[in-house]
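Note sheet for the following structure.
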Amino acid sequence: MNLSEKLVKTRTEHQCWGCAKTFPAGSTMWSVAGINDGDFYHCYWCETCTKVLDGLEYWEKEDGFDMGDIIERFKEEYDRVTNQKEGV
(Lines give C-alpha, C1' and ligand atoms only; values in the text may rest on other atoms or scores of the structure.)
Protein backbone atom coordinates (compact mmCIF):
# COMPACT_ATOMS: atom_id res chain seq x y z
CA MET A 1 0.00 0.00 0.00
CA ASN A 2 1.46 3.33 -1.05
CA LEU A 3 1.34 6.01 1.64
CA SER A 4 2.98 8.79 -0.35
CA GLU A 5 3.62 9.47 -4.02
CA LYS A 6 5.07 12.75 -5.19
CA LEU A 7 6.98 14.12 -8.13
CA VAL A 8 10.35 15.43 -6.95
CA LYS A 9 13.53 16.92 -8.31
CA THR A 10 16.23 14.74 -6.79
CA ARG A 11 19.10 16.21 -4.77
CA THR A 12 21.29 13.14 -5.15
CA GLU A 13 21.49 10.37 -7.73
CA HIS A 14 18.88 7.60 -7.44
CA GLN A 15 18.23 4.27 -9.06
CA CYS A 16 14.80 3.79 -10.65
CA TRP A 17 12.96 0.82 -9.17
CA GLY A 18 11.32 -0.05 -12.50
CA CYS A 19 14.30 -0.11 -14.86
CA ALA A 20 17.22 -0.15 -12.36
CA LYS A 21 18.92 2.68 -14.27
CA THR A 22 20.75 5.34 -12.24
CA PHE A 23 19.61 8.94 -12.65
CA PRO A 24 21.78 11.94 -11.70
CA ALA A 25 20.97 14.58 -9.10
CA GLY A 26 18.50 17.09 -10.50
CA SER A 27 16.37 14.46 -12.26
CA THR A 28 12.60 14.57 -12.01
CA MET A 29 11.36 11.29 -10.51
CA TRP A 30 8.41 9.92 -8.55
CA SER A 31 9.23 9.32 -4.90
CA VAL A 32 7.04 6.52 -3.54
CA ALA A 33 6.81 5.36 0.08
CA GLY A 34 4.56 2.74 1.58
CA ILE A 35 4.11 -0.50 3.48
CA ASN A 36 4.22 -4.02 2.05
CA ASP A 37 3.61 -7.03 4.31
CA GLY A 38 4.39 -4.87 7.34
CA ASP A 39 7.68 -3.58 5.91
CA PHE A 40 8.25 0.08 5.03
CA TYR A 41 9.63 0.85 1.58
CA HIS A 42 10.80 3.97 -0.24
CA CYS A 43 11.81 4.01 -3.89
CA TYR A 44 12.08 6.24 -6.93
CA TRP A 45 10.52 5.76 -10.38
CA CYS A 46 11.67 7.47 -13.58
CA GLU A 47 9.28 9.17 -16.00
CA THR A 48 9.47 6.33 -18.54
CA CYS A 49 8.67 3.57 -16.04
CA THR A 50 5.83 5.65 -14.60
CA LYS A 51 4.28 5.96 -18.07
CA VAL A 52 4.63 2.21 -18.61
CA LEU A 53 2.92 1.59 -15.24
CA ASP A 54 0.08 3.94 -16.18
CA GLY A 55 -0.60 1.85 -19.29
CA LEU A 56 -0.70 -1.52 -17.52
CA GLU A 57 -3.87 -3.32 -16.53
CA TYR A 58 -4.64 -3.69 -12.81
CA TRP A 59 -3.93 -7.43 -12.84
CA GLU A 60 -0.45 -6.76 -14.26
CA LYS A 61 0.38 -4.61 -11.21
CA GLU A 62 -1.28 -6.48 -8.36
CA ASP A 63 1.75 -8.60 -7.39
CA GLY A 64 4.09 -5.61 -7.30
CA PHE A 65 7.50 -5.33 -8.88
CA ASP A 66 11.07 -6.24 -8.09
CA MET A 67 13.81 -3.83 -9.10
CA GLY A 68 14.21 -3.84 -12.88
CA ASP A 69 10.93 -5.66 -13.55
CA ILE A 70 9.49 -2.98 -15.83
CA ILE A 71 12.32 -3.13 -18.32
CA GLU A 72 12.50 -6.94 -18.07
CA ARG A 73 8.80 -7.86 -18.14
CA PHE A 74 7.50 -5.00 -20.29
CA LYS A 75 10.48 -4.28 -22.56
CA GLU A 76 8.37 -3.68 -25.67
CA GLU A 77 6.21 -1.08 -23.90
CA TYR A 78 9.29 0.49 -22.26
CA ASP A 79 10.97 0.87 -25.66
CA ARG A 80 7.78 2.32 -27.18
CA VAL A 81 7.52 4.98 -24.44
CA THR A 82 11.25 5.76 -24.71
CA ASN A 83 10.95 6.23 -28.48
CA GLN A 84 7.94 8.55 -28.04
CA LYS A 85 9.95 10.75 -25.65
CA GLU A 86 12.84 10.92 -28.12
CA GLY A 87 10.51 11.70 -31.04
CA VAL A 88 11.45 8.56 -32.97
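The values are calculated or read from the model by the stated rules, or taken from the named source; none is laboratory data. Small disclaimer: the values here were computed from a predicted structure and weren't measured. So basically every Cβ, Gly included, is an ideal-geometry build from the backbone, and we count neighbours across all protein chains shown. For the accessible areas, the whole protein counts, side chains as well, though only heavy atoms, and no ligand, DNA or RNA atoms are used. Shrake-Rupley method; radii C 1.70, N 1.55, O 1.52, S 1.80 Å.
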Exercise for review: Please give the solvent-accessible surface of Thr12 in Å², to the nearest 10, using a probe radius of 1.4 Å with every protein chain present.
Suggested key: 80 Å²
Practice item. Mind checking the full-extension length gain between Leu3 and His42? Use 0.36 nm per residue of separation minus the Cα-Cα distance, one decimal, nm. Key: 13.1 nm
Practice item. Tell me what the chain gives for mean residue ellipticity at 222 nm when only DSSP H runs of n ≥ 4 count, each as -39,500 (n - 2.57), the sum divided by the residue total, rounded to 500 deg cm²/dmol. Key: -9000 deg cm²/dmol
Check your understanding: Of the heavy-atom accessible surface of the chain (probe 1.4 angstrom), what whole percent is carbon and sulfur?
Key -> 48 percent
Point to revise | Accessible-area ranking of Arg11, Arg73, largest first, probe 1.4 Å | key: Arg11, Arg73
Check your understanding: Of the beta bridges DSSP finds with both residues in the chain, what % are antiparallel, to the nearest 5?
Key -> 95 percent
Study note, to complete from the structure: Sparse-neighbourhood loop hits (GluC sites (Glu not before Pro), the stretch 15-88; DSSP loop; Cβ within 10 Å at most 13 others) -> Glu57, Glu62
Exercise for review: Could you order Ile35, Ile70 so the one with the most accessible surface comes first? Probe is 1.4 Å.
Suggested key: Ile35, Ile70
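How much net charge surrounds Gly18 when only the other residues with a Cβ under 14 Å from the Cβ of Gly18 are counted, with Lys and Arg +1 and Asp and Glu -1?
Residues near Gly18 contribute -4 overall.
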Exercise for review: Report relative contact order for the chain in percent, whole number only (criteria: Cα-Cα under 8 Å, sequence separation at least 6).
Suggested key: 27 percent
Revision key, fill the gap. Note to self: with every protein chain in place and a 1.4 Å probe, the stretch 40-88 gives an accessible area per residue in Å² of 69 Å²
**Study point:** By accessible area with a 1.4 Å probe, ligands and nucleic acids excluded, highest first: order of Tyr78, Tyr58, Tyr44
**Key:** Tyr58, Tyr44, Tyr78
Check your understanding: Which of these values of Rg/Rh (Cα atoms, Kirkwood Rh) was calculated from the structure shown: [x] 0.99; [y] 1.05; [z] 0.96?
Key -> [z]
